[in-house]
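Computed from the coordinates by the stated procedures, all read-outs in this text should not be read as laboratory data. In this text, all values refer to a predicted model and were calculated from it rather than measured experimentally. Ideal geometry is used to build each Cβ from the backbone, glycine not excepted, and the neighbour counts take in all protein chains shown.
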Amino acid sequence: MRFLLTFVCVVAIAGCSSVGTPIPKDKIAQIRIGVTTEPDLILLFGTPSTKTLDPSGSILLTWVYSNATTKPETFVPLAGPFIGGYSTELQQLTVLINRKGRVEKWTMNNSPGEVRYGRH
């Protein structure tokens, strides 16, 4: 019984990995060019993953969320390496803040994906 519980816990832990916090679409809709400020963005999305200062005085803020989840069939004995795989999701929000401290432009990339083992 103890071995089975340990096995289930290991499979559950090995089944997924993520970095960052998901970027909700409803919060993205709140970004207003020429109005929204850096503190506003931090309230909406938290601390950015990166902050880059431009020589012209602009600031580039980036938030990244990445998630990978192993498909359950990957754990099927003997067949798993041939039929399994994993699902991925990558979100990246990049915002340019002008010298006046307001959003000048922004882009949002959302890239879901899937990797299958043993298939082409």
field: Entries of K51/K100; K27/K105; K25/K71 with Cα pairs more than 20 Å apart
entry: K25/K71
Projected label distance in nm at L43 and K105, using a 7 Å step from Cα toward the beta-carbon: 2.7
message: Testing the spin-label approximation: label points 7 Å from Cα along Cα→Cβ at L90 and S56. State their distance in nm.
response: 2.6
message: Could you derive backbone 3J(HN,Hα) for the stretch 20-28 from the dihedral phi with the Karplus parameters 6.51, -1.76 and 1.60 (θ = phi - 60°), listing whole Hz in sequence and x where the residue is Gly or Pro?
response: x, 10, x, 9, x, 5, 5, 6, 4
